1. So how tilted is helix 37-56 from the main axis of the chain? Cα-based, degrees 0 to 90, rounded to 10.
2. Could you give each residue of the stretch 171-178 its phi-based ³J(HN,Hα) in whole Hz, using Karplus coefficients 6.51, -1.76, 1.60 with θ = phi - 60°, and x for Gly or Pro?
3. Restricting things to Cα coordinates, could you compute the convex hull volume per residue of the stretch 86-219 in Å³?
4. At q = 0.09, 0.10, 0.11 Å⁻¹, what log₁₀ I(q)/I(0) does the chain have when each alpha carbon counts as one equal point scatterer in the Debye sum?
5. Just the accessible area for PHE236, please: 1.4 Å probe, Å², rounded to the nearest 10?
6. What is the helix-to-structure angle for 211-224, meaning the angle in degrees between its Cα long axis and the longest Cα principal axis of the chain, kept from 0 to 90 and rounded to the nearest 10?
7. What is the percent carbon and sulfur in the accessible area of the chain, measuring with a 1.4 Å probe over the protein chains and ignoring ligands?
8. Please turn the phi angles of the stretch 145-151 into ³J(HN,Hα) values with the Karplus equation 6.51 cos²θ - 1.76 cosθ + 1.60 (θ = phi - 60°), one per residue in order, whole Hz, x for glycine and proline.
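The values are calculated or read from the model by the stated rules, or taken from the named source; none is laboratory data. No experiment lies behind these values; they were computed from the predicted model shown. Each accessible area value is taken on the protein alone, full model and side chains, heavy atoms only, with ligands, DNA and RNA left out. Shrake-Rupley method; radii C 1.70, N 1.55, O 1.52, S 1.80 Å.
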Amino acid sequence: MATNEFREGPRVSTDSGGGQTVLMAPLSDRLALFLGLPGLVLLVGLSLPPLARWMLSWETALPLKPIFWLVGGIDRPWEVAVNLAIWLVLAVVTAFVVVSESLRVTIDDAELRVTKDDDTRTFARDQVSAVFLDGKKLVVLDKRSCQLVRDRHQAPKATIAAGFRQHGYPWHDHDPYADLFRSWAAATPELPAAANDVLAARQSALKNKAHREIHALSAALEKMGYVIRDEGVHQFWRPLVRS
């Protein structure tokens, strides 16, 4: 049975200005990406040429020996500089890709905006019936208990909870419909044949990590009246519940 755990909670100051709260990766994570990762990569870039030369001094045969000769031959100042520049560019590009792929949530009293990979979705406050974390995944449900959002967020749970509570969203410490989920197995008798067929296709997509297909099949199941969540490649389902 669904439970109602929504609490207003204390109002805390997490606004970034303009009456909005922005939830994103913690500053420590971003510093690690943009400072720690380049530093680590530069250290690797400096270490590989002397390491390769040392390994070439061994009397034993080395696999892929031409690669060791190529890397070990980087010893002139300009070659070292070019090598480090290449490693640094790779590190910075990687950092920007990771940040762009992380979930950014902007909350105000009227609406919720979710941005990932340059794709932004907006939901009116009155569309939202529940917000909670399922493990590391932020879940936002609409009035029919469909999942408007289900994606990993890197911010601490306390920060996420405070941000939503500050703007009056119905935050729950746990999934209010958790008790309704049932484990899926092939040809589950409680489900119509069409839903079982979609779940079977989705099971295959999970095993193949076909993310677009997984998302499309989840949407198809919600149109049939069911919500899906996963634990690894194992699927759980529940019927939609209008709040």
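1. Once rounded, the angle reads 40 degrees.
2. 7, 10, 6, 9, 4, x, 10, 4
3. Details: hull volume 19.0 nm³, N = 134.
Residue-normalised Cα hull volume stands at 142 Å³.
4. Each listed q maps to, in turn, -0.58, -0.67, -0.74.
5. 40
6. 0
7. Numbers: 8640 of 14050 Å².
The C+S portion of the solvent-accessible surface of the chain is 61 percent.
8. So the Karplus estimates, Gly and Pro as x, are 6, 5, 8, 5, 9, 8, 7 Hz.
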